[in-house]
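In what follows, a structure is listed as structure tokens, so that the remarks can point back to it.
The values are calculated or read from the model by the stated rules, or taken from the named source; none is laboratory data. It should be emphasised that the depicted structure is a prediction, and the values quoted were computed from it without experimental measurement. Counting neighbours? That spans all protein chains shown, and the Cβs are built from the backbone with ideal geometry, glycine included.
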Amino acid sequence: MFNLFSALRTEPVVTTLTPLPGTNGLPTQGPAAAPKPVVAINDVVKSFPVGGQDVTILKGVSLDIHNGEFVAIVGPSGNGKSTLLNMMTGIDRPSSGEVYVTGQPLHAMSENDLAVWRGENLGIIFQFFQMLPSLSLAQNIILPMEFAGKYSRTERRERAMDLLELVGLADQADKLPGMVSGGQQQRAAIARALANDPPMLVGDEPTGNLDAKTANEVFDIFYRLVERGKTMVMVTHDRELAGRMPRVIEIVNGRIDRDSAQGGGA
Amino acid sequence: MSVIYAKLWADLWGNKMRTLQIVLIVALGALGSGLALGARNLTAAAISADWVASAPPAMKISAAPPLSEDELLALKSIDGVVAVEGFAERKIEWRHHPGDPWQAATLSTRVDYAEQTMSYWELVAGVWPHGNDFAIERGYDQTFALAPGTQIETRIDERVRPVTITGVLNSHEVTQGFMADPTFYVDHRRFAEITGDDRFGIVAAQLAVHDAAGRYDPAQAAAIDGAVQDRLEKLGVDSQGLKPAPPKTVRVDNPDVHFSNSVLKSVFLILGVIGFVIMALGMLLVYTNVSALITQQVGQIGVMKAIGARTRQIVQIYLMLIFVYGVLAVMVSVPLSMWAANGIKLIFLTLLDANGRGFAVDWRAVGLQVVVIFLSLLLASLIPLAKGARMTVREAVSTYGLGGAAGVFDTLIAKLRRVSYTVLLVIGNTFRNISRLTLTQVVLVGSGILFIAVMGVRDAVNYTFGPVLTGIHDYDITLTLQHDVRSARVAQLVAGRPNVAAVETWNSSNGSARPRSQRDHEPDDQRVTVFGMPLDTTMFAPTIRAGRWLQPGDDQAVTLHDELAQKIGVGVGDWITLRLEGGRSRSGVVGTFFDPA
């Protein structure tokens, strides 16, 4: 469907990882060691104060996600899926436990450092697209590059057009988000997530606001990105889409109820 | 163009009404300060330059009877008197055409128009008055259609003469703002012919009143004035101060300072205070607007952080926005304030008949305005900007799920029962953000206070210069006689004129006053004017501050202006020594009064 993947990094990104602490049974160093996980979550607990009391959403979650994996996080509403994803993006901090992503200890980083790290290493795709309404689709894609200070001005524009071409929106580049459909906005959001060529993409219900046909198109894009070496983690309610992913983690009542990588089956 | 600049432009242009609102609030807030300072500086500079250029005398007094040219020149021999020049004026009547009603006017002259040594009269149009021709004071030529070339009739001592207006003069002291009747000028020879008197009833003198540092020395001025007054008393001449020093006239004053200086200072002080309050209230509005802007853009801030924006970059974006607001506010505020400041300057210069009416820019006021605009924007933006920049991505983008504790107020509202949900919604929305509510109330109350204060000052001024002043001095016309005349004769003459409802005759004499405890006369004794008036006067009703007004049966009793009583250091029950032309007398103070005139 889409043929322009030249803008994307094709090499695995494990070389950028820094050594992880020797927890969770992970090897710490040595050429013979197993590949380090892109995401390493260790015994994470997350509570929120509600009405004067703490409500615990994540109750000691631990998991690893490796480079190139395509992971679905599923589960009933209010059981901690999005909260777990927020731990991986640094949008939320654990009440206790540790979160390492691309080798960085997100639980210990400042908000500013997290922003810089996200700009370089992570592409986030929101359920409601979250495009800046006053900028065109192309400008929305250029913005992360400007924040990160990557590429020259000319290269940014060329790259934005390449990425829009990738998601089939090159002809809509100069339109404002409000002038295109939800599916097109989500595709543009994917292009934006790829702007700085991050090794990992996360999506919080990225197809939840789309019709079935458009959701399938977006999913196909994710699939091809993973084929090109990206790591993709996606929260979804869609059992059918989740069933098409190699790894499915089910969160129930704040705990991992099932992880297909651990032999739980998909 | 950088995408960040594109966002900036889109935020400005896409929210035109909000941009306009913020720009106008800031511009109008700063306008007050720029206007007050600009109007003050421009007006003061123009008036001062015009005033100093006219070489104003330090002394200006009336002389009754008038002085001859020799007597006038003799005053130059007094220590401290640098130059003396004589002026004369009298009331005349004029009309445009035979059959028109007669109107009052003043006819003025000086020794020699070509040899003016002080208090320069400036030729504005036409030619200097010569022969039978008159000139007219600037402003009145427009008001009364008396441009050069106009022929009028004058009536002086019942004799009617045709006169041609051939020039327009600016005397720097006579203005339409203070005198409704026109002033005509004529050369001295002609003045003497038509009035039958070649003497000078007005004496202007330049005095050595500056100390070594060039500052005005009021003690020195008073000492010279005392010597002049002594000389005139020896000649049997009564003199009164004619230098305007609102709300009164004085004999000597600082020649370097325009007589309206103190009044202008007060006006611009009030204007400055109002400007400051407007600016302070404007800052609160800017704060609420920038807060609203940040709140509106919280989601975007979160997204920008999620895609890699550092806190510094977020702050930069919004500082740029604030900067653009500032630039736009400067573009609105500075021209507006300079235009208004020049308008105010023009009003005062016209009122005072001063030159320097061209458009001018006061760069100090412009500088102040620019600083005020950017500083107020920055100060008002600091808190909301810091809040926005510190906001976490989760706080910014989360639209659902658990995210934080509800506020105490919302928790309390949620517990209310048997109250309509609509009412709860209204209460919740009104009181949820206490700081915003407080700011809104402060702005509303502050604006209300300012409005009431301005209205209050206006009413107080109207009352003071209306009922209070006219209540104290309840008469329409004052005639000052150059020679002593029997009171009954004058009263009879005046009462016989049409539409005269009542007449009173007062006497006055100049002298000095000292407390009785001070045995001997000293040169710096307080100069006073003593008025003698009927005990049952209906035309003078001062506000009694202490004691009482004069009563039948009072012997050797005086009432003093409370300001004079303070200067002399006496009060009700004390005795003072008055030194007048007729000699010394002791009087008991039975009351003190307030009279702003």
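Could you tell me whether any residue of the range A:249-261 is at pLDDT 85 or above and either farther than 22 Å from A:LEU63 by Cα or assigned to a helix (DSSP H, G or I) (or both)? Taking every residue of the range A:249-261 in turn, at least one turns out to be at pLDDT 85 or above and either farther than 22 Å from A:LEU63 by Cα or assigned to a helix (DSSP H, G or I) (or both).
A residue that is out of contact with any helix residue (DSSP H, G or I) (no Cβ under 7 Å at 6 or more places or on another chain), under 21 Å from A:PHE219 (Cα atoms) and either within 11 Å of another protein chain (Cβ to nearest Cβ) or part of a strand (DSSP E or B) (or both) occurs nowhere in the range A:45-62.
Okay, residues lined up against (1) under 52 Å from the mean Cα position of the chain (by Cα); (2) modelled with pLDDT of 85 or more; (3) among the aromatic types (Phe, Trp, Tyr); (4) surrounded by fewer than 18 Cβ atoms within 10 Å (Cβ to Cβ):
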| residue | (1), (2), (3), (4) |
| --- | --- |
| B:ASN289 | yes, no, no, no |
| B:ARG310 | no, yes, no, no |
| B:GLN316 | yes, yes, no, yes |
| B:ILE322 | yes, yes, no, no |
| B:TYR325 | yes, yes, yes, no |
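Looking only at the range B:234-246, which residues are closer than 15 Å to B:VAL530 by Cα and not hydroxyl-bearing (Ser, Thr, Tyr)?
Scanning the range B:234-246 gives B:ASP238, B:GLN240, B:GLY241.
If you go through the range B:552-590 and keep only what is over 18 Å from B:GLN526 (Cβ atoms), at pLDDT 90 or above and out of contact with any strand residue (DSSP E or B) (no Cβ under 6 Å at 6 or more places or on another chain), you end up with just B:GLY573. Considering each residue of the range B:461-470 in turn, at least one proves to be touching a strand residue (DSSP E or B) at 6+ places or on another chain (Cβ under 9 Å) and in a helix (DSSP H, G or I). Taking the criterion of being farther than 26 Å from B:ASN289 by Cα and at pLDDT below 85, the residues of the range B:437-466 that qualify are B:ALA453, B:VAL454, B:VAL457, B:ARG458, B:ALA460, B:VAL461, B:ASN462, B:TYR463, B:THR464, B:PHE465, B:GLY466. Restricting attention to the range B:155-172, the residues being surrounded by fewer than 21 Cβ atoms within 10 Å (Cβ to Cβ) and farther than 12 Å from B:VAL186 by Cα number 9. Cβ separations smaller than 7 Å between residues 6+ apart or across chains give the following pairs from the range A:228-241 residues that are outside any loop (DSSP other than H, G, I, E, B) to residues that are of a type in the set (Ser, Thr, Tyr): A:VAL235/A:SER82; A:LEU241/A:THR207. Going by what's in this entry, would A:VAL180 be described as of a type in the set (A, V, I, L, M), away from chain B (no Cβ under 13 Å), out of contact with any Cys (no Cβ under 9 Å at 6 or more places or on another chain) and surrounded by fewer than 24 Cβ atoms within 10 Å (Cβ to Cβ)? The answer is yes for A:VAL180.
Here is a yes/no grid of residues against (1) at pLDDT 90 or above; (2) in contact with a helix residue (DSSP H, G or I) (Cβ under 7 Å, 6 or more places away or on another chain); (3) not aliphatic (A, V, I, L, M):
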position	(1), (2), (3)
A:ASN67	yes, yes, yes
A:VAL71	yes, no, no
A:SER96	yes, no, yes
A:VAL99	yes, yes, no
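Of the residues making up the range B:528-572, those that are more than 33 Å from the chain's Cα centre (by Cα) and of a type in the set (A, V, I, L, M) are B:LEU535, B:LEU550, B:ALA557, B:VAL558, B:VAL572. Looking at A:VAL167, is it out of contact with any Leu (no Cβ under 8 Å at 6 or more places or on another chain), away from chain B (no Cβ under 11 Å) and either without any contact (Cβ under 8 Å) to a residue 60 or more places away in the chain or farther than 21 Å from A:ASN86 by Cα (or both)? Yes: the conditions hold for A:VAL167. Considering the conditions (1) polar (S, T, N, Q); (2) modelled with pLDDT under 80; (3) farther than 30 Å from A:GLU205 by Cβ, B:SER398 is excluded by exactly one of them, (3).
Answer yes or no as to whether B:GLY38 is away from chain A (no Cβ under 14 Å), touching a residue at least 24 places away in the same chain (Cβ under 8 Å) and within 18 Å of the chain's Cα centre (by Cα). Yes; evaluated as a whole, the condition is true for this residue.
Residues that are assigned to a loop (DSSP other than H, G, I, E, B), over 28 Å from the mean Cα position of the chain (by Cα) and surrounded by 15 or more Cβ atoms within 10 Å (Cβ to Cβ) within the range B:180-196 comprise B:VAL186, B:ASP187, listed in sequence order.
B:THR422: surrounded by fewer than 11 Cβ atoms within 10 Å (Cβ to Cβ) and assigned to a helix (DSSP H, G or I), yes or no?
yes
Of the residues A:GLU146, A:GLU120, the single one that is facing chain B (nearest Cβ under 8 Å), without any contact (Cβ under 8 Å) to a residue 24 or more places away in the chain, in a helix (DSSP H, G or I) and not polar (S, T, N, Q) is A:GLU146. Taking each residue of the range B:93-121 that is free of Cβ contacts under 8 Å to residues at least 12 places away in the same chain and looking for partners that are surrounded by fewer than 19 Cβ atoms within 10 Å (Cβ to Cβ) and not aliphatic (A, V, I, L, M) with beta-carbon atoms closer than 8 Å, six or more apart or interchain, yields B:PRO101/B:ARG95.
Is one or more of the residues making up the range B:14-31 away from every other protein chain (no Cβ under 14 Å) and without any contact (Cβ under 8 Å) to a residue 12 or more places away in the chain? Scanning the range B:14-31, I find at least one residue that is away from every other protein chain (no Cβ under 14 Å) and without any contact (Cβ under 8 Å) to a residue 12 or more places away in the chain, so the answer is yes.
Is it the case that some residue within the range B:276-296 is within 11 Å of chain A (Cβ to nearest Cβ) and touching a residue at least 12 places away in the same chain (Cβ under 8 Å)? Taking every residue of the range B:276-296 in turn, none turns out to be within 11 Å of chain A (Cβ to nearest Cβ) and touching a residue at least 12 places away in the same chain (Cβ under 8 Å). Quick one: is B:VAL457 of a type in the set (A, V, I, L, M, F, W, C), outside any loop (DSSP other than H, G, I, E, B) and farther than 29 Å from B:ALA541 by Cα? Taking the combined requirement at face value, the residue does not satisfy it.
Checked against the criterion of being more than 9 Å from chain B (Cβ to nearest Cβ), closer than 25 Å to A:PRO246 by Cβ and surrounded by fewer than 21 Cβ atoms within 10 Å (Cβ to Cβ), the candidates A:HIS107, A:HIS66 yield just one match: A:HIS66.
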